[in-house]
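Below: the structure, in structure tokens.
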Amino acid sequence: MSDPTEAPLDMLVIQEMQLLLAEKRTALSTLRTGIAIFAFPLSVLSVLIATSKSYEVHAVMQWLLPTIVINFGLIGLAVYLIVRGLGKLRHYDHLIGEYKRRHPQLARLLA
């Protein structure tokens, strides 16, 4: 069990840690969403390249150009979400590390 000389963790500290862990899960979800969005334009462009012998580029330019523009927009959104998710993840990891440094009992729980 725990050492009786150690003070129990304050309930506020535990609730703050739960909030930080929830925010970290949200950052991971943002990162996962960005990766999923990034995969879609790559697969569409791969299909377009693989089937390029089946059509004349100048004949389907009215469809090809908007598709490429939308794909680059999705790639931009994906990069933004990935960078934002990684930044938030790093921030929350730093905060959790600070809490673990200040509260050794918490560090043992979150090892």
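Scoring Ser54 on the criteria (1) exposed (fewer than 12 other Cβ atoms within 10 Å of the Cβ); (2) of a type in the set (Ser, Thr, Tyr); (3) touching a helix residue (DSSP H, G or I) at 6+ places or on another chain (Cβ under 9 Å) leaves a single failure, condition (3). Listed by position, the helices (runs of 4 or more DSSP H) contained in the range 10-111 that have at least 1 residues being at pLDDT 90 or above and within 20 Å of the chain's Cα centre (by Cα) are 11-50, 61-102. Residues in the range 67-111 that are closer than 14 Å to Leu28 by Cβ and surrounded by 14 or more Cβ atoms within 10 Å (Cβ to Cβ): Leu81, Ile82, Arg84, Gly85, Leu86, Lys88, Leu89, His91, Tyr92, Ile96. Within the range 21-45, residues that are more than 12 Å from Tyr80 (Cα to Cα) sit with their Cβ atoms under 6 Å from residues that are β-branched (Val, Ile, Thr) and assigned to a helix (DSSP H, G or I), at 6+ positions apart or across chains, in these pairs: Pro41/Ile75.
Taking the range 17-51 as the range and being of a type in the set (D, E, K, R) and touching a helix residue (DSSP H, G or I) at 6+ places or on another chain (Cβ under 7 Å) as the test, the residues that pass are Glu23, Lys24.
The values are calculated or read from the model by the stated rules, or taken from the named source; none is laboratory data. Small disclaimer: the values here were computed from a predicted structure and weren't measured. Every residue, glycine as well, gets a Cβ built from its backbone with ideal geometry; the counts of neighbours run over all protein chains shown.
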